[in-house]
1. When only DSSP loop residues count, what trypsin sites (Lys or Arg not before Pro) in region 290-338 have their Cβ near at most 15 other Cβ atoms within 10 Å?
2. Taking one equal scatterer on every alpha-carbon of the chain, how large is log10 of I(q)/I(0) by Debye at q = 0.11 1/Å?
3. Pull out a ≥ b ≥ c, the square roots of the eigenvalues of the alpha-carbon gyration tensor of region 206-311, then state rounded if a/c is under 1.5, prolate if not and a/b is larger than b/c, and oblate in the remaining case.
4. Exactly which chymotrypsin sites (Phe, Trp or Tyr not before Pro) in region 333-372 are in a DSSP loop and have at most 16 other Cβ atoms within 10 Å?
5. In this model, which of K70/K248; K318/K355; K252/K359; K318/K370; K17/K55 are farther than 19 Å apart at the alpha-carbon?
6. Would you please name the GluC sites (Glu not before Pro) within region 31-73 that are DSSP coil residues with at most 15 other C-beta atoms within 10 Å of their C-beta?
7. Ignoring ligands, DNA and RNA, please state the percent of accessible area on region 49-148 from carbon and sulfur, probe 1.4 Å.
8. Given axes a ≥ b ≥ c from the Cα gyration tensor, I'd like to know whether region 27-73 is rounded (a/c under 1.5), prolate (a/b larger than b/c) or oblate.
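The values are calculated or read from the model by the stated rules, or taken from the named source; none is laboratory data. The structure displayed is predicted, hence computed values, not measured ones. Cβ: placed from backbone, ideal geometry, glycine included. Neighbour counts: every protein chain shown. Heavy atoms of the whole protein, side chains included, go into the accessibility calculation; ligands, DNA and RNA do not. Shrake-Rupley method; radii C 1.70, N 1.55, O 1.52, S 1.80 Å.
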Amino acid sequence: MEKDLHIIKPPMELIYKDELEALAQNDNYPKPSFFKLSPKMVRTFILGSNGKKLKYKVDKKEKEIIIEQKYFGNDSLIERAIITLTGNRGLMLIGEPGTAKTMLSELLTAAISGNSKNTIQGTAGITENSIKYSWNYSLLLSKGPIPEALIPSPIYVGMEKGVITRFEEITRVPSEIQDTLISIMSDKVLNIPETDSTLFAQKGFNIIATANSRDRGVNEMSSALKRRFNFETVKPIDNLKLETEIIKKESKKLLSYNDINIEINNNLVEMLAITFSELRNGVGKNGEKLEKMNSTISTAEAVSVFYLAALDAHYYDKGNISPLHIARNISGSLIKDNYDDISVLKNYFNAIVKKRGKKEKLWQDFYDSKKFVF
Ligand SMILES: Nc1ncnc2c1ncn2[C@@H]1O[C@H](COP(=O)(O)OP(=O)(O)O)[C@@H](O)[C@H]1O
Ligand SMILES: [Mg+2]
């Protein structure tokens, strides 16, 4: 456990070990044999217990815990996603970057299979072997294609152990390679001609894939493969209060990684959330018409700006986070490859931030720091 403290990002099943234990001990609901928790408890794990405390025992000691809400947005999307996984089709989460697709697939696999680490990262360079299995060449040359020489892929491991395999960014993989999945997903078998054997998938094997709608589209997926998945579109949050909450909560979590416990001013987080929502939607909160940013500006980016601002304040300014720190760290996150966005940001400051600054001190300070933005 000591060593776990130094992992940058522990897997969900480790972060939420106590929650998962409490849910399991309180689970009296119908459940497929290949699920660790019932669909109802998986739902509670992701959407929270609404402040309700669950009693559970560790080493005969009574404890209680509130299950925190981890995903904010469309509850029925979560319910449908869980039901999909009780069946025999894969789950495909598509949407813009930063909409919590990866987070959701990690939470689902942690709760259902007890293992969120069995993952393939989709890239253009993936081959059929990385989807099926490959070989340890020195063993292969000396002893031939014996089972010990076979290096299983995460799909192989999923089939063998009956756990879900996560397939991240599947649309980055060339479609002819993606199609290797078709027979695996429909027949649930994998032939290994070299050893003249067949791997039959154990119950519990399934695939949760994620795809960014801004990348090369899902349109390039073959329709045969698409039919093996149920699609769920994950939307960005468009609720100011919620986004403010998430930025605050996630920044706190990240700051604890730096062992920093810093006072977070709600109004400042809200100012950042307003800025992001206005730039994302191209509409001011009082209906003003604005330009939209070309790059995606998701909640994840807002979290990253606030986290950096807090670090900046902690290491240089005794921990007092101010609009200055937000301003100093905003363009590094927002301006990626699209330099037109600098002018979008400039116009935003000169129209909205300036005007609001006449009434509100926080926005005035933000405007006064504009030289750090562009
Ligand atoms: N609806 C949401 N509910 C909770 N957290 C969210 C939500 N949308 C974004 N986030 C935050 O943004 C982070 C980035 O999400 P991630 O899973 O990496 O996105 P994606 O895989 O869609 O690009 C999440 O870990 C979470 O902190
Ligand atoms: Mg992702």
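1. Values: sites: K292, K318, R328, K336; in loops: K292, K318, K336.
Passing both the DSSP loop test and the Cβ count: K292, K318, K336.
2. One equal scatterer on each Cα of the chain leads to -0.89.
3. oblate
4. Within region 333-372, the qualifying chymotrypsin sites (Phe, Trp or Tyr not before Pro) (loop, at most 16 other Cβ atoms within 10 Å) are Y339.
5. Values: K70/K248 13 Å; K318/K355 30 Å; K252/K359 29 Å; K318/K370 22 Å; K17/K55 14 Å.
The pairs that break the limit, which is 19 Å between Cα atoms, are K318/K355; K252/K359; K318/K370.
6. Loop-located and lightly packed - E68.
7. Whole-percent figure for carbon plus sulfur exposure: 52.
8. Verdict is oblate for region 27-73.
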